[in-house]
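Student: Got a structure for you, written out below as structure tokens; questions coming shortly.
The values are calculated or read from the model by the stated rules, or taken from the named source; none is laboratory data. Since the structure is predicted, the reported quantities are computational estimates derived from the model, not experimental observations. Note that each Cβ is placed from the backbone with ideal geometry, even for glycine, and that neighbours are counted across all protein chains shown.
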Amino acid sequence: MRSMRDPQHPDPSDIMLTRVLAALSDPIRLGLVRLLADGQERGWGELRAPVAKSTLSHHLKVLRDAGVTRTRQEGTRCFVQLRRTDLDNRFPQLMEALLSVAATDDIGGDVTAARRDAPR
């Protein structure tokens, strides 16, 4: 079993459409992807969602395991970033379409990021 210090990420060629679609079928996970679509890496502590921290951690793991995000650890902090280039190369225009519909329908709109200069 891998620890958070050594997270498993599928190679781009191993990212499967069915796993990506399953991962994005949850409104919280889709909201996380919408938030990360700006290309910025974010610390887990910056992420705000209407779920318990343990549930948020589970959602981030599902996204990572599907190849949607990349997670790295730096000391005691974890950071997450959307694997947009890998996803766009593997499934052209998929993310653009999903993000457009999610924004139009406000799916996952309650997932936000804390201001970087705000106290935790």
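Student: Any residue in segment 56-74 that is exposed (fewer than 13 other Cβ atoms within 10 Å of the Cβ), more than 12 Å from the chain's Cα centre (by Cα) and touching a residue at least 40 places away in the same chain (Cβ under 8 Å)? Write out each step before concluding.
Tutor: Of segment 56-74, the ones exposed (fewer than 13 other Cβ atoms within 10 Å of the Cβ) are 74.
Now narrow it down to the ones that are more than 12 Å from the chain's Cα centre (by Cα): 74.
Still in the running and touching a residue at least 40 places away in the same chain (Cβ under 8 Å): none.
No, because not a single residue in segment 56-74 is exposed (fewer than 13 other Cβ atoms within 10 Å of the Cβ), more than 12 Å from the chain's Cα centre (by Cα) and touching a residue at least 40 places away in the same chain (Cβ under 8 Å).
Student: Any residue in segment 78-85 that is more than 15 Å from Ile15 (Cβ to Cβ), surrounded by 16 or more Cβ atoms within 10 Å (Cβ to Cβ) and touching a residue at least 40 places away in the same chain (Cβ under 8 Å)?
Tutor: Within segment 78-85, one or more residues are more than 15 Å from Ile15 (Cβ to Cβ), surrounded by 16 or more Cβ atoms within 10 Å (Cβ to Cβ) and touching a residue at least 40 places away in the same chain (Cβ under 8 Å).
Student: Working only within segment 1-45, note down all residues that are hydroxyl-bearing (Ser, Thr, Tyr) and either farther than 26 Å from Asp110 by Cβ or modelled with pLDDT under 95 (or both). First the steps, then the outcome.
Tutor: Residues of segment 1-45 hydroxyl-bearing (Ser, Thr, Tyr): 3, 13, 18, 25.
Of everything in segment 1-45, those that are hydroxyl-bearing (Ser, Thr, Tyr) and either farther than 26 Å from Asp110 by Cβ or modelled with pLDDT under 95 (or both) turn out to be Ser3, Ser13, Thr18.
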